[in-house]
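Engineer: Before I ask anything, here is the structure I am working with.
Bear in mind that the values in this text are calculations on the coordinates, not laboratory data. Here the structure is a predicted model, which means the values were calculated and not measured. Every residue, glycine as well, gets a Cβ built from its backbone with ideal geometry; the counts of neighbours run over all protein chains shown.
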Amino acid sequence: MAEEDDAAGNAAAIVLAGGSGVRFESGRNKVFHFLTDRQVALQSLLAFKFLKEIVFVMNAADMPQGDSDLAGNNLQSRLRDAGVTSIVPGGARRQDSVFCGLEALSPGIDLVAIHDAARPLVTESLVRSVLVAAKEAGGAVPGLPVRDTLKSVTSSGDIQGTVSRQGLVAVQTPQGFQREVILAAHRENQRNGNGDVTDDAALVERMGHAVRIIPGDPSNIKVTDPDDLLFARTLLFVREASV
């Protein structure tokens, strides 16, 4: 625990709340749908409240206007109550939004946990484990072994072959990094324009820097469509009932 407290001392979170709700088919950002009495994004923030800073990155269109907006009444106050220290507009792509978040951090921050707000069941325990590993290795990502059989397919849907699951993991967020490591990776990507990436570890990997995999959490699911929201509600109910 002492090691975890030490890692958290100069750590911050960047929580990404971008998205347009296209796959959710609601016309509204999925992270502002209610999970129970809290919106998905606000539930996600609970696991990071112990950190020194939380930067919340949003679509410019969703940014609070005063204390009320389309994303939900009193959103700004709710975010502040959840521990958010900065609310910043994001960019066109995920990596652009992360870079905006990195630039908003205070100078004294040494470690950064980058999290998708669409994963509302993240736990403080997982956040702490990621930060401890990131402090030691430079970068750390939670992952789960791939359990399903994997097939490679053609564009028309025909199977080309079976992919071995050995050595494969499905990664989650939060992804943790030493600040200078992730900042250098994003600056390199900004300079070279190496295309889109789906997670921050990919940028660090491109630099040849090691990223450590730590055990993920099966309940740390990502809300992508309405069925995921229902499943997350069930998991949260079970978790709270067992406390």
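Engineer: Quick one: which residues, 5+ away or cross-chain, put their amide H under 5 Å from the amide H of residue 221? H built at 1.01 Å from N.
Structural biologist: 121
Engineer: Could I ask something else about it? Which FRET efficiency, nearest 0.05, do residue 49 and residue 153 yield, Cβ-Cβ r, R0 41 Å?
Structural biologist: 0.45
Engineer: Roughly how many whole Å is it from the C-alpha centroid of segment 95-157 to that of segment 174-243?
Structural biologist: Segment 95-157 and segment 174-243 have Cα centres separated by 2 Å.
Engineer: Can I ask one more? Which values of log₁₀ I(q)/I(0), to two decimal places, follow from the Debye formula for the chain at q = 0.17 Å⁻¹ with a uniform point scatterer at every Cα?
Structural biologist: -1.37
Engineer: Quick check on packing: order 81-90, 219-228, 177-186 by the mean number of other C-beta atoms within 10 Å, highest mean leading.
Structural biologist: Working: 81-90: 17.7, 219-228: 16.0, 177-186: 21.1.
Final packing ranking: 177-186, 81-90, 219-228.
Engineer: Would you kindly derive the ³J(HN,Hα) couplings of segment 210-215 from the backbone phi angles with the Karplus curve 6.51 cos²θ - 1.76 cosθ + 1.60 (θ = phi - 60°), listing them in order in whole Hz, with x for Gly and Pro?
Structural biologist: Once θ is set to phi - 60°, the couplings for segment 210-215 become 5, 10, 8, 8, 10, x Hz.
Engineer: Right, another one. Determine ³J(HN,Hα), in whole Hz, for all residues of segment 36-52 in sequence, where each value follows from phi through the Karplus function 6.51 cos²θ - 1.76 cosθ + 1.60 and θ = phi - 60°; x replaces Gly and Pro.
Structural biologist: 9, 8, 10, 6, 3, 4, 5, 5, 4, 5, 4, 6, 10, 5, 7, 7, 5
Engineer: Residues with beta-carbon under 13 Å from that of residue 90, excluding residue 90: net charge, scoring Lys, Arg +1 and Asp, Glu -1?
Structural biologist: Result for the neighbourhood of residue 90: -2.
Engineer: Which residues' amide hydrogens lie under 5 Å from the amide hydrogen of residue 214, considering only partners 5 or more residues apart or on another chain, with H built in the peptide plane?
Structural biologist: Distant-sequence amide H within range of residue 214: 141, 143.
Engineer: Apply the Karplus parameterisation 6.51 cos²θ - 1.76 cosθ + 1.60, with θ equal to phi minus 60°, to every residue of segment 150-163 and state each ³J(HN,Hα) to the nearest whole Hz, in sequence, with x for glycine and proline.
Structural biologist: Values per residue, Gly and Pro as x: 10, 10, 8, 10, 7, 5, 8, x, 7, 6, 9, x, 9, 9 Hz.
Engineer: If you don't mind, there's one more thing I want to ask. Excluding same-chain pairs closer than 8 in sequence, count the lysine pairs in segment 2-241 whose Cα atoms lie under 30 Å apart.
Structural biologist: Eligible lysine pairs with Cα atoms under 30 Å apart amount to 10.
Engineer: What does the charge add up to near residue 213, with Lys and Arg as +1, Asp and Glu as -1, over the other residues with Cβ less than 15 Å from its Cβ?
Structural biologist: -3
Engineer: Relative to the Cα centre, what is the charge dipole magnitude of segment 2-241, using +1 at the beta carbon of each Lys and Arg, -1 at the beta carbon of each Asp and Glu, and rounding to the nearest 20 debye?
Structural biologist: That gives a dipole near 260 debye.
Engineer: Still on this structure, I have one more. Please give the length that would be gained between residue 74 and residue 184 if that part of the chain were fully extended, namely 0.36 nm times their separation in residues minus their C-alpha to C-alpha distance (nm, one decimal). It would help to have the intermediate numbers written out before the result.
Structural biologist: Details: separation 110, 0.36 × 110 = 39.60 nm, distance 3.61 nm.
Net length gain for the segment: 36.0 nm.
Engineer: Sequence-distant or interchain residues sharing an amide H contact under 5 Å with residue 197, placed H: which?
Structural biologist: 95
Engineer: For residue 191 and residue 86, compute 0.36 nm times the residue count separating them, minus their Cα-Cα distance, and round to one decimal in nm.
Structural biologist: 35.2 nm
Engineer: Only bridges whose two residues both fall in segment 2-241 count here: according to DSSP, what percent of them are antiparallel, nearest 5?
Structural biologist: 45
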